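The values are calculated or read from the model by the stated rules, or taken from the named source; none is laboratory data. Given the structure is predicted, the values throughout are model-derived calculations rather than measurements. Cβ coordinates were reconstructed from backbone atoms using ideal geometry, including for glycine residues, and neighbour counts include every protein chain displayed. Note: areas computed on protein heavy atoms with side chains; ligands, DNA, RNA excluded. Shrake-Rupley method; radii C 1.70, N 1.55, O 1.52, S 1.80 Å.
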Amino acid sequence: MSLGLVYPIYLSYPLINFSKKNNVKKDFSVLTYNVHGFKDEGTKEFLIENKADIMILQEARESQQKLLKNQEFKDYYSEFYGLLTIYSKYPIIQTKEIFTKNNDFNGAAAYVDIDLGNDTIRIINLYLEPMYIDKDLVKDIIKSDNQQQVEENSKKVELKLVKGMQSHVSQLEEVKPYIKASKHPIILGSDLNSTPLSYEYNQINKLLIDSYINSGKSGIATTFHGFKFPIRIDYLFNSKELIPTNSLIIRKRFSDHYPVIVNYKLEK
């Protein structure tokens, strides 16, 4: 098996176990979720039944969720930027698209500043370029006894990983200024299309904290099940002014991703 395939499998596991913080009172909840274009039956119903105070969605076009916006989420403030959606129970006072899909790339990023009443926070929705790795190709690599075929297919996967990472580097450079220059505490929700020891994760984690890990979680944290082996590519990150008090990955297969939910408390 090539390094290109072993790498994302190995990096799907959080390795650090911090002390639990469940005794800290929750201020608000945040969900990040790649809804896969609402292609799968049950996705919209899942969101309705698991409403968070703030919802950060990827692969979620406004046209695909008219009923949600006008009925079930009519009491939410909302912003839509191509593949990105942000819903908030709290007023959105500023918003901007950071970068969007073009002819060469499909990644996207946008932010909203939200008035919580006692403070303002910045929510960044980041969807890095998909790797476009064929799921059947990965399954063939895992199951095949033909060494030559395994090597050929592994090389194809590796080339796509390299191409995707090149796109990620430029996309991350566009997002970083909106993290560094923010006057407000930050929560970044993302489908990074990258695993926890990747360059992409490392660049974000230099600036922000991995909320899932910092809430005290450990063990397998699968958020993408399309390859039939554990892989973690969906995240919530926070700045130091926020405390993640509890987190949950809901393993319901309405999309090829699982949603991540974190409860936060503002540090006083």
task = Working only within the range 229-253, note down all residues that are within 15 Å of the chain's Cα centre (by Cα), within 25 Å of D27 (Cβ to Cβ) and either among the β-branched types (V, I, T) or open to solvent by less than 10 Å² (accessible area, probe 1.4 Å) (or both).
result = D234, Y235, L236, F237, N238, S247, I249, I250
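Could you list all residues from the range 186-208 that are under 21 Å from L57 (Cα atoms) and surrounded by fewer than 19 Cβ atoms within 10 Å (Cβ to Cβ)?
Step one: of the range 186-208, the residues under 21 Å from L57 (Cα atoms) are 186-196, 200-201, 204-205, 208.
Listed by number, the list holds a single entry, N205.
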key: Conditions (1) open to solvent by less than 10 Å² (accessible area, probe 1.4 Å); (2) among the charged types (D, E, K, R); (3) not in a loop (DSSP other than H, G, I, E, B): number failed by K265   = (1)
ask   = Between a first residue in the range 114-125 that is over 14 Å from S182 (Cα atoms) and a second residue that is charged (D, E, K, R), which pairs have beta carbons less than 8 Å apart while being 6 or more apart in sequence or on different chains?
value = L116/D27
